[in-house]
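Report on the structure given below.
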Amino acid sequence: MGGPLSPAYLRPHDPNPLTPPLGAARACLARWVQRVVLDPAGDLAVQQGNLVIFSTVLMLLIIVPVMALIALFAWRYRATNKDAPYSPEWHHSTALELVIWAAPLLIIICLGAVTWTSTHLLDPYRPIGRLDAGRAVAATAKPVRVQVVALDWKWLFIYPDYGIATVNELAAPVDRPLQFDLTASNVMNAFYIPALVGQIYAMPGMTTKLNAVINHPGNYAGFSSNFSGDGFSGMHFRFHAVSEGAFDQWVARVRAGGGKLDRQGYLGLAKPSANTPVMRFASVTPGLFDAAANRCVAPGETCMSAMMQADAGEHHAHVAAGRPTQTMAMPMAASAPIPATTQPGARLTGAGLPMPGTRATDVPATVATEGLSDMTSPPSPFRRRRSARSSAA
């Protein structure tokens, strides 16, 4: 056997048991698609695969009979078949109408019920409740948290509970819940490990979540499934599913390897580069992921969270901070316009804060006064005529 992260861990395991119809469909479809899609190593991916197969089989209940009837009718009622009945005055059959409408209606109802339940049970934001079909998640189980940043064109993985980070390499223990928080530095990407779970988008300026579990050790492929520019084709990484002991050894090796990922290092890492090799960092500056998600890693940049609190006003700022707020008995009068900030070149948007991801010194000074001309501009002729009519009345 190789090391704990070597390709020797590629799994030879039996497919998860299914009901006979679904099992036969899986065996048939697996011959025509990549095996990992319909025979994954993660429980959520198994459930998603079963959902695809079930929906396909359910729709085939209509498609196959219809295609067979087309061929049958074309053969039976061909021009040379003089024995076929000919009824030019026929126009209605209650029994046939019931079959034509009842069968699709039942299938739609069944698909709707399955879609409704699966939408909630397989919600990526929902913490998993089981490891597989026969095992529930223990109440004392502590999930492995991974913060994912999609860069141009590479993947950054931060382990906040271990204080380490890697580039284009992801490792996790088997049979242990995984919690991913995902964001992007520039453009939208899609995080996808077919053996683990379905894809989920990573977008700049916001955070998405993904919960999953891997059940079989292996060395699996991960990539971006959403086109994001020139280096998209090389935006791949390896996902190593290992035992608890092997995972602890991997964490120890990363820590022993040295290297620190701070804000300046992140800014350099975020520059576009293709086919980036694996990189490991023994320590990570606290709060780096939050800064990346809020687009304020560089000094002088305004975080999006601060921008939104400033735009929301004092009431929402108190609510976000968990502080009590005072309810106004009477409507509050309109407040005076917020003056421009004293910082040179800052924008009026967000109570005088510069836009997220932009330094205040990078904004021309004229931008700070663009909104003031609109506030102090004279009323339109329409408003003057309406005021004159109100005075005459």
Report summary line: From most to least accessible, 1.4 Å probe, no ligand or DNA/RNA atoms counted, Glu244, Glu301, Glu169 line up as Glu244, Glu301, Glu169
Query raised in the report: Over region 37-181, what is the percentage of antiparallel beta bridges among all DSSP beta bridges, to the nearest 5?
Result: 75 percent
Requested in this report: Check the straight Cα-Cα distances from Lys142 and name the lysines below 22 Å, setting aside those fewer than 8 residues away within the same chain.
Outcome: Lys209
Query raised in the report: Near the amide H of Ile214, under 5 Å away, which other amide H atoms are found, from residues 5 or more places off or on another chain, if H is placed in the peptide plane?
Result: Asp175, Arg176
Query raised in the report: Expressed as a whole number of Å, what is the distance separating the alpha-carbon centroids of region 255-294 and region 86-162?
Result: 35 Å
Query raised in the report: For Pro124, what is the net charge nearby, where nearby means another residue's Cβ is under 14 Å from its Cβ and Lys, Arg count +1, Asp, Glu -1?
Result: -1
**Report entry** Protein-only accessible surface order, largest first, of Trp90, Trp250 at 1.4 Å
**Finding:** Trp90, Trp250
Query raised in the report: Taking the mean number of other Cβ atoms within 10 Å as a proxy for protection, how do you rank 290-299, 64-73, 258-267 from highest to lowest?
Result: 290-299, 258-267, 64-73
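The values are calculated or read from the model by the stated rules, or taken from the named source; none is laboratory data. A quick note: this is a predicted structure, and the numbers were derived from the prediction, not measured. Every residue, glycine among them, receives a Cβ derived from its backbone with ideal geometry; neighbour counts consider all protein chains shown. The accessibility values were calculated without ligands, DNA or RNA, using every heavy atom of the protein model including side chains. Shrake-Rupley method; radii C 1.70, N 1.55, O 1.52, S 1.80 Å.
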